[in-house]
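Scroll down for the structure; my scribbles are underneath it.
The values are calculated or read from the model by the stated rules, or taken from the named source; none is laboratory data. As the structure is a prediction and not an experimental result, all values here were calculated from the model. Neighbour counts run over all protein chains shown; Cβ positions are idealised from the backbone, glycine included.
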Amino acid sequence: MSNIRLDGKVAVVTGAGGGLGRAHALLLAARGAKVVVNDLGGSVDGTGSGKNMADLVVDEIKKAGGEAAANYDSVATAEGGRAIIDTAVKSFGRIDILINNAGILRDKSFSNMSEEMWDTVCAVHLKGAYNCTKPAYDLMKAQSYGRIVFTTSGTGLFGNFGQTNYGAAKLGLVGFANSLRQEGAKYNIHCNTIAPIAMTRMTEGLMQGVPGDLFAPELISPLVAYLVSDSCAQSGEVFVVGGGMVARAFIGETQGAYTNPKKSEPTPEWVADNIDKIMNTDGYTIPKAVQDDTLKVVQLMQSGD
Ligand SMILES: NC(=O)c1ccc[n+]([C@@H]2O[C@H](COP(=O)([O-])OP(=O)(O)OC[C@H]3O[C@@H](n4cnc5c(N)ncnc54)[C@H](O)[C@@H]3O)[C@@H](O)[C@H]2O)c1
């Protein structure tokens with residue numbers, strides 16, 4: 001494989017003032033991209049703001065010989081999203097790459113979680129990705145080129161105690177990316193999603209006992225750089241990545257049980273009688289679109305059983 005380069009490409013990385021976003025911004029810049037370093041500059045729970053975090057990363061990129069511009073807007077508002085993408089256009093003339101990375105936590109068991117905690121987390125992760133992706137996608141569509149990376153989480157894919165708000169928002173991003181990649185395909189816009197595992201200020205309390213040096217944020221960014229490069233043919237995929245491992249994660253379905261409703265309608269008892277078959281993962285399949293799923297049932301019906 002020849003060197004993966006991003007020369008001439010313009011990238012926006014949200015939440016790039018620290019943690020994973022900073023590592024992504026530094027690597028994309030090192031590979032030749034001009035980078036907008038966005039960060040609100042607040043704390044892990046999303047309170048506060050400041051320019052220092054984004055500015056420091058811009059300085060780092062420039063000192064290493066790269067090109068970067070800072071943006072301090074919040075992804076959580078539509079105006080913020082537009083201003084972030086505008087910074088790319090005003091500073092570098094276009095946008096090719098968007099890394100939706102900004103995030104916060106407001107953890108609590110579901111009984112103790114206020115509506116405000118739910119809404120704030122969804123506003124940053126789910127609506128925040130919408131707020132940045134909408135203006136970026138419109139420009140990418142017009143130029144028939146775009147690479148978008150979404151950041152989900154193991155919490156969204158597999159669940160975690162105390163993170164119902166975060167899990168809901170994070171799996172929402174997978175649905176967002178899966179549908180957008182279908183619309184974007186004809187405009188050469190790829191959408192992929194990563195579920196990182198890394199020691200950052202966000203996870204240091206959650207990953208106690210795990211050796212932090214083995215889970216450096218820098219170990220996530222090579223996958224991100226690959227996904228936004230012209231070497232990457234994948235779109236609509238989800239990758240679990242951390243500590244040097246990259247794995248494909250997917251939502252699929254078991255072969256399931258089937259009864260022809262014209263001959264014998266499913267009943268709750270039929271479900272109970274077939275639950276082992278329904279749960280059996282032998283022959284598990286991964287539909288690439290909702291239509292694949294419908295087609296499977298139509299084919300079963302046509303099989304005449
Ligand atoms: N670290 C992990 O193991 C892990 C696991 C799963 C998912 N993630 C996700 O990865 C992303 C990066 O997290 P991290 O671990 O680097 O944590 P982090 O706290 O170091 O980074 C998040 C960054 O987003 C910025 N930010 C927060 N709200 C913002 C807003 N409204 N607008 C703009 N910037 C904002 C913060 O200032 C911060 O710099 C997040 O989406 C997080 O949910 C991380």
Scan region 129-148 and tell me whether some residue there is β-branched (Val, Ile, Thr), within 9 Å of the ligand (Cβ to nearest atom) and at pLDDT 95 or above.
no
Going by the conditions given, is residue 159 modelled with pLDDT of 95 or more, within 24 Å of residue 287 (Cβ to Cβ) and of a type in the set (Gly, Ala, Ser)?
yes
Looking at 71, 100, which one is touching a Phe, Trp or Tyr at 6+ places or on another chain (Cβ under 7 Å), near the ligand (Cβ under 9 Å from one of its atoms), of a type in the set (S, T, N, Q) and closer than 15 Å to residue 35 by Cβ?
100
Being touching a residue at least 40 places away in the same chain (Cβ under 8 Å), of a type in the set (Lys, Arg) and closer than 25 Å to residue 192 by Cα narrows it down to one residue among 106, 82; which is it?
82
Pairs returned, first residue in region 189-214 that is within 14 Å of residue 155 (Cβ to Cβ), second residue that is crowded, with 21+ Cβ neighbours inside 10 Å and aromatic (Phe, Trp, Tyr), beta-carbon separation under 6 angstrom, 6 or more apart or interchain, are 193/150; 194/239
Residues located in region 107-121, provided they are surrounded by fewer than 21 Cβ atoms within 10 Å (Cβ to Cβ) and within 12 Å of the ligand (Cβ to nearest atom)
107, 120
Check 193, 151, 164 and return the single one that is β-branched (Val, Ile, Thr), more than 9 Å from the ligand (Cβ to nearest atom) and buried (at least 21 other Cβ atoms within 10 Å of the Cβ).
193
For residues that are closer than 20 Å to residue 13 by Cβ and small (Gly, Ala, Ser), scanning just region 221-246, find the one that is surrounded by the fewest Cβ atoms within 10 Å (Cβ to Cβ).
231
For residue 295, only one of the following conditions fails: (1) surrounded by 12 or more Cβ atoms within 10 Å (Cβ to Cβ); (2) at pLDDT 90 or above; (3) outside any strand (DSSP E or B). What is its number?
(2)
